[in-house]
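The values are calculated or read from the model by the stated rules, or taken from the named source; none is laboratory data. Keep in mind it's a predicted model, so treat the numbers as computed, not measured. Note that we place each Cβ from the backbone using ideal geometry, even for glycine, and neighbour counts take in every protein chain shown.
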Amino acid sequence: MIPTPLVAQLLAELNARGIEVEHISDTIRYRPLLAITPNLIQRLRAHKAELRAILVIQKARDLGNAPLAEALTEAWGERIAICIEDGKESRQTAEAIALQQLRIMSARIILDKKTSTE
């Protein structure tokens, strides 16, 4: 998944400051806390859905599940486009809807994989 320019800039700044970011449940966690400025917190909140999607997709890659990561990446873009074009949603609303659908999709794929191996 290619992040939007604003999120790419935010991720680069976090990396340059040595700030680790992870997605746990519905929360974005970052550390060290002392390195986070009020401006960074505001920007993290403004791009929360996209950041969470990027982190979910990255986690699938890190776990060695490249097909799931690619499916989630494709689904993310498609769902945003559908919400904006057909549903006339704002980008922010479209990202929130797409993220919710990504979580459902990844949970189903993981559940199906567990069921098929039992």
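Values for this structure:
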read-out: Long-range neighbours under 9 Å by Cβ, at least six apart or interchain, first residue hydroxyl-bearing (Ser, Thr, Tyr) within the range 1-15, second buried (at least 16 other Cβ atoms within 10 Å of the Cβ); value: 4/47; 4/50
read-out: Any hit, the range 28-39, residues being outside any strand (DSSP E or B), under 14 Å from the mean Cα position of the chain (by Cα) and without any contact (Cβ under 8 Å) to a residue 24 or more places away in the chain; value: no
read-out: Residue within the range 101-108 that is of a type outside the set (S, T, N, Q) and under 16 Å from residue 51 (Cβ atoms) present; value: yes
read-out: Output for the range 50-63, where each listed residue is among the aliphatic types (A, V, I, L, M) and closer than 15 Å to residue 105 by Cβ; value: 53, 56, 57, 60
read-out: Every residue from the range 26-54 that is of a type in the set (A, V, I, L, M) and surrounded by 17 or more Cβ atoms within 10 Å (Cβ to Cβ); value: 44, 49, 51, 53, 54
read-out: Only one of 10, 99 that is under 10 Å from the mean Cα position of the chain (by Cα), crowded, with 17+ Cβ neighbours inside 10 Å and in a helix (DSSP H, G or I); value: 99
read-out: Qualifying residue in the range 76-87 (condition: within 15 Å of the chain's Cα centre (by Cα) and farther than 23 Å from residue 6 by Cβ); value: no
read-out: Residue in the range 51-66 that is part of a helix (DSSP H, G or I), at pLDDT 85 or above and over 25 Å from residue 16 (Cβ atoms) present; value: yes
read-out: The one condition in (1) crowded, with 16+ Cβ neighbours inside 10 Å; (2) more than 16 Å from residue 107 (Cα to Cα) that residue 75 fails to fulfil; value: (2)
read-out: Matching residues in the range 13-24 - criterion: being part of a helix (DSSP H, G or I) and within 11 Å of residue 36 (Cα to Cα); value: 13, 14
read-out: Pairs where the first residue, in the range 60-85, is in contact (Cβ under 8 Å) with a residue 24 or more places away in the chain and the second is of a type in the set (A, V, I, L, M) and not in a helix (DSSP H, G or I), C-beta under 8 Å, 6+ apart; value: 72/1; 73/1; 76/1; 77/1
